[in-house]
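Chemist: Can you keep this structure in mind? I'll have questions shortly.
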């Protein structure tokens, strides 16, 4: 599989994002939090990234963190995507950064790997 993150892999609907946040299950590994929910529809993964404006006032900082999140997710999503497709379900993710400082890329990569492995396990167990 290609390591891409196309527009069709992202969630853009405000209704579905609020549904995920209100009804979803949580996985935490500071400084990240994943809220996810299984849905009907096309099998695969859909994702949205969030960095709170309250903690990072400057848009440059928020965008830099989101860029790192997207890159780490893009590289590591294949196992999770295969698990969702094998179960024939769609998994929608809300990936939130909770830290107070701009993280280093290595930390982002390591934490995203851990969270996606835990998510893959959760998807295949149920």
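Chemist: What do you reckon, is residue 74 under 22 Å from residue 2 (Cα atoms), surrounded by fewer than 21 Cβ atoms within 10 Å (Cβ to Cβ) and modelled with pLDDT under 95?
Modeler: Yes, satisfied.
Chemist: Among the residues of segment 1-30, write down those that are part of a loop (DSSP other than H, G, I, E, B) and over 13 Å from the mean Cα position of the chain (by Cα).
Modeler: 1, 2, 3, 4, 6, 12, 13, 30
Chemist: Also, I was wondering about something else. Does segment 18-28 contain any residue that is touching a helix residue (DSSP H, G or I) at 6+ places or on another chain (Cβ under 6 Å) and farther than 23 Å from residue 88 by Cα?
Modeler: The answer is no; no qualifying residue exists.
Chemist: Please specify each residue of segment 60-72 satisfying the condition of being over 13 Å from the mean Cα position of the chain (by Cα) and either assigned to a strand (DSSP E or B) or within 19 Å of residue 12 (Cβ to Cβ) (or both).
Modeler: 62, 63
Chemist: Can I ask one more? Given the condition at pLDDT below 95, touching a helix residue (DSSP H, G or I) at 6+ places or on another chain (Cβ under 9 Å) and either under 21 Å from residue 106 (Cα atoms) or surrounded by fewer than 17 Cβ atoms within 10 Å (Cβ to Cβ) (or both), answer yes or no: does some residue in segment 59-67 qualify?
Modeler: Scanning segment 59-67, I find no residue that is at pLDDT below 95, touching a helix residue (DSSP H, G or I) at 6+ places or on another chain (Cβ under 9 Å) and either under 21 Å from residue 106 (Cα atoms) or surrounded by fewer than 17 Cβ atoms within 10 Å (Cβ to Cβ) (or both), so the answer is no.
Chemist: In segment 98-122, how many residues are loosely packed, with under 15 Cβ neighbours inside 10 Å, touching a strand residue (DSSP E or B) at 6+ places or on another chain (Cβ under 7 Å) and assigned to a helix (DSSP H, G or I)?
Modeler: Count: 1.
Chemist: Sticking with this one: Exactly one of these conditions fails for residue 87: (1) exposed (fewer than 15 other Cβ atoms within 10 Å of the Cβ); (2) modelled with pLDDT under 95; (3) touching a strand residue (DSSP E or B) at 6+ places or on another chain (Cβ under 7 Å). Give me its number.
Modeler: Among (1) exposed (fewer than 15 other Cβ atoms within 10 Å of the Cβ); (2) modelled with pLDDT under 95; (3) touching a strand residue (DSSP E or B) at 6+ places or on another chain (Cβ under 7 Å), the lone unmet condition for residue 87 is (3).
The values are calculated or read from the model by the stated rules, or taken from the named source; none is laboratory data. Quick caveat, the model's predicted, so the values are computed rather than measured. Don't worry about glycine lacking a Cβ; one is built from the backbone with ideal geometry, like all the others, and counts go over all protein chains shown.
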